[in-house]
Each structure stands twice: as C-alpha cells, then as structure tokens.
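Scroll down for the structure; my scribbles are underneath it.
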Amino acid sequence: MADDFRLKSTVFRQEREPSWRELEALVQRWESRGLRGLSATQALRLPLLYRAALSSLSVARSISLDRNLSDYLESLSARAYFCVHGVHTAPLAAVRTFFFRQFPDAIRQSAWAIGLAILIFTAGIATGLILTLINDDWFFAFVSSAMAGDRTPDSTTANLRAALYNFDIKLTDMLKLFAAELFSHNAGIGLLCFAFGFAFGVPVVLLLFSNGATLGAFVALYASHGLTYELLGWMLIHGITEILALLLCAAAGLMLGRAMAFPGRRQRLDALADAGRTAGRLAVGAIFLFFIAAVLEAFPRQLITQDHIRWLIAVSSLFIWGLYITATWRGRKVDSTDAVHDGIS
C-alpha cells in the first residue's frame with residue numbers, strides 16, 4: 001500500500017511539475033520587475049498556469065499526498081494569486097488615471113445633475129440677492145449671526161470695506177485657519193450634499209439653495225454700499241474652485257437621490273450601486289478641489305489686497321478648471337475597455 005501511494009505521488013508530480021516550475025519562474029519575474037518583466041505570451045500563460053496549480057493543490061489535498069508538496073503548492077498559489085488578482089497599478093499611475101480618465105468621465109456622466117445643481121444654486125443666489133435688495137431685513141433670514149459677524153445692513157461702507165482688506169494675521173494663524181476651519185468646514189458641507197442624496201435628494205436641494213441664498217444676500221449687502229466689484233474679487237479668489245467643488249458634491253447627491261426615488265426596472269440597491277460609482281468619483285475629486293480652495297482662501301486671499309490681482313487669480317482659476325474639463329471631456333468616450341477597468345476597480 002505504501003509503495004502504491006509513493007508511486008501515485010511520484011507520477012502525479014512528474015506529470016505536473018513542469019507547469020509548476022514554469023509558473024514559479026513567471027511569478028519570480030513578476031515579483032522582480034512587474035508586468036514589464038513578462039512578454040505578451042507569458043502574461044497570457046500566467047493565469048492558465050495559476051488555475052492549473054490550484055487544481056493540483058486541490059487534488060493533492062483530496063488524496064492526502066506528500067505534505068511538503070501541498071505546502072509548496074499553497075505557497076506558489078498564494079504568490080501567483082497576487083500576480084493575477086492583485087493591484088498592479090503604481091500609485092502615481094492610479095492618480096493620473098483618476099484625474100485624467102475616471103474623474104472627467106464621472107463629470108460627463110453626471111452632466112444632467114451638475115446642470116440641475118447649477119440651476120438650484122443660481123436660484124438661491126437670485127432669491128437672496130433680490131429679497132435683500134428689496135428689504136435688507138431679509139439679510140438675517142439668509143445669513144446667520146455667526147457668519148455675518150460685523151457685516152450687517154447696519155454696517156458703514158468703511159466697516160464693510162475694512163473686512164475686505166484689513167487683515168492682521170500671522171502665517172501660523174493662516175495655517176491654523178486652513179487646517180482647522182476652512183478645509184474641514186468646506187469639505188464637510190460638500191460631503192453633506194453627497195450623503196444627503198440617500199434621502200431622495202431633497203436635503204441636497206435645500207442645502208444647495210440655502211448656500212446660494214447666503215451668497216446672494218452678501219452680494220446684495222455690499223452692492224447696496226457700492227462694493228460689488230471689491231466683494232467679488234475678495235470672494236472669487238477662492239470661490240470659483242469652492243463653488244465648483246460644492247456643485248460636484250451636490251450633483252453626486254442628486255444622482256443618488258434619483259437612484260433612490262426612480263430606480264426604474266432595476267432593484268433600488270442595484271440602481272444605487274451604479275449611481276454610487278460615478279457619485280463617489282465626483283465626491284473624491286471635489287475633496288481635492290476643496291483642498292485647493294482652502295489653500296487659496298487661507299493664503300492668497302489674506303495676503304493679496306489689490307483688487308485687480310484678486311480678479312486675475314479668480315479668472316485664471318475659472319480658465320484652468322474650464323480648460324481641464326473641456327480638454328479631458330473632448331474625445332473621451334467610455335468604451336468596453338473602460339467598462340472592464342471600471343468594473344475591476
């Protein structure tokens with residue numbers, strides 16, 4: 001009986017060992033040089049040899065072959081698994097893929113939601129602006145006392161102007177302002193817009209409209225004192241980037257809200273999963289924009305007091321983001337290869 005067992009083990013090993021050795025050699029080359037270390041033929045052979053090794057391991061376990069052989073196959077299969085199924089993209093390549101393929105694709109796929117977010121935000125601005133110009137008591141309905149500070153309808157023109165130009169703040173205070181307040185606050189509002197999408201998108205509409213109304217009320221306050229140009233220069237130096245990020249987060253929330261309210265013929269969870277992939281990419285890209293907006297708000301806005309330079313930065317940021325979106329948008333179509341990569345990632 002023992003001789004028969006050794007014979008079976010020897011025959012089993014002799015028949016399959018060449019494929020194991022070939023797989024081991026390919027895995028070693030992959031581990032040392034990555035995919036570039038394999039030829040096209042070898043890259044195609046790797047998953048086939050991996051499945052053959054798994055089959056051999058299953059047989060070895062089922063008939064209780066040599067323990068050392070089983071251990072060898074387990075180790076080889078584990079190493080081959082990471083070569084076949086592991087993440088093969090370098091970090092910088094993954095970042096490049098996100099910002100030059102996945103993020104622009106998400107913007108394009110959510111164009112309707114971004115357009116709707118723009119309409120809601122614009123309606124909020126118009127409401128706050130018009131009502132506050134008609135009756136400045138409306139200002140307090142749109143702007144909290146904490147946010148208004150000393151900037152109220154009772155403020156003088158000199159006081160409102162001073163809020164735009166007179167800064168007594170050190171570099172360390174700017175860093176604290178950036179780290180503790182601006183980025184966390186702005187990103188928090190954006191993520192709220194994204195998260196509230198699960199409530200059928202209704203809170204997203206309210207939050208977006210209220211933020212627009214607050215902006216409109218401030219513009220009306222400064223316009224009533226002839227400081228519109230000065231306010232917008234002070235505000236848009238970071239506001240272009242910040243508003244874009246807010247609109248993207250709101251669009252992500254609206255996409256989730258539509259999937260919740262109108263899943264169509266799909267199950268609601270399936271509709272949410274499909275919308276969530278695009279919405280999640282919008283939110284991740286928006287967080288990056290919030291970071292840039294916080295840098296602009298904490299540093300250039302505090303250090304630069306010349307209106308024309310503020311407007312130059314604001315217009316430049318609008319041009320840069322517009323160029324990024326149009327350049328990555330043009331000619332990009334989600335083909336079957338993209339769909340496969342998106343399904344894997």
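The values are calculated or read from the model by the stated rules, or taken from the named source; none is laboratory data. Predicted model, so just to flag it, every value in this text is computed and none were measured. Neighbour counts are summed over all protein chains in view; Cβ atoms, including those assigned to glycine, are modelled from backbone coordinates with ideal geometry.
Here are some notes:
- Any hit, the stretch 280-303, residues being exposed (fewer than 14 other Cβ atoms within 10 Å of the Cβ), assigned by TED's automatic domain parsing to the domain that holds PHE200 and either of a type outside the set (Phe, Trp, Tyr) or touching a strand residue (DSSP E or B) at 6+ places or on another chain (Cβ under 7 Å) (or both): yes
- Candidates MET260, MET255, filtered to the one that is in a helix (DSSP H, G or I) and crowded, with 20+ Cβ neighbours inside 10 Å: MET255
- Residue check for LEU129: in contact (Cβ under 8 Å) with a residue 60 or more places away in the chain, over 30 Å from GLU15 (Cα atoms) and in a helix (DSSP H, G or I): yes
- With respect to the conditions (1) over 19 Å from ILE325 (Cα atoms); (2) touching a residue at least 60 places away in the same chain (Cβ under 8 Å); (3) buried (at least 21 other Cβ atoms within 10 Å of the Cβ), ASP136 falls short on a single one, namely (3).
- Single match in VAL143, VAL84 (criterion: modelled with pLDDT under 90, among the β-branched types (Val, Ile, Thr) and under 30 Å from the mean Cα position of the chain (by Cα)): VAL84
- Residue check, ALA339 surrounded by 12 or more Cβ atoms within 10 Å (Cβ to Cβ), modelled with pLDDT under 85 and among the small types (Gly, Ala, Ser): no
- Among the residues of the stretch 27-44, those identified as touching a helix residue (DSSP H, G or I) at 6+ places or on another chain (Cβ under 7 Å) and more than 10 Å from ALA80 (Cβ to Cβ) are ARG29, LEU35, GLY37, LEU38, GLN42, ALA43.
- Qualifying residue in the stretch 304-314 (condition: at pLDDT 90 or above, under 18 Å from GLN109 (Cα atoms) and either part of a helix (DSSP H, G or I) or in the same structural domain as ARG281 (by TED's automatic domain parsing) (or both)): no
- Checking ALA25 against (1) surrounded by 15 or more Cβ atoms within 10 Å (Cβ to Cβ); (2) at pLDDT 90 or above, the condition it does not meet: (1)
- Output for the stretch 215-232, where each listed residue is surrounded by fewer than 22 Cβ atoms within 10 Å (Cβ to Cβ) and either of a type outside the set (Phe, Trp, Tyr) or not assigned by TED's automatic domain parsing to the domain that holds PHE299 (or both): LEU215, VAL219, ALA223, SER224, HIS225, GLY226, LEU227, THR228, GLU230, LEU231, LEU232
- Annotation: ALA148 fulfils all but one of (1) surrounded by 11 or more Cβ atoms within 10 Å (Cβ to Cβ); (2) modelled with pLDDT of 90 or more; (3) aliphatic (A, V, I, L, M); the unmet one is (2).
- Candidates LEU191, LEU171, LEU177, LEU131 - the one that is at pLDDT below 90, in contact with a helix residue (DSSP H, G or I) (Cβ under 6 Å, 6 or more places away or on another chain) and hydrophobic (A, V, I, L, M, F, W, C): LEU177
- Residue within the stretch 108-122 that is surrounded by 14 or more Cβ atoms within 10 Å (Cβ to Cβ), in the same structural domain as GLY322 (by TED's automatic domain parsing), of a type in the set (Lys, Arg) and closer than 17 Å to MET255 by Cα present: yes
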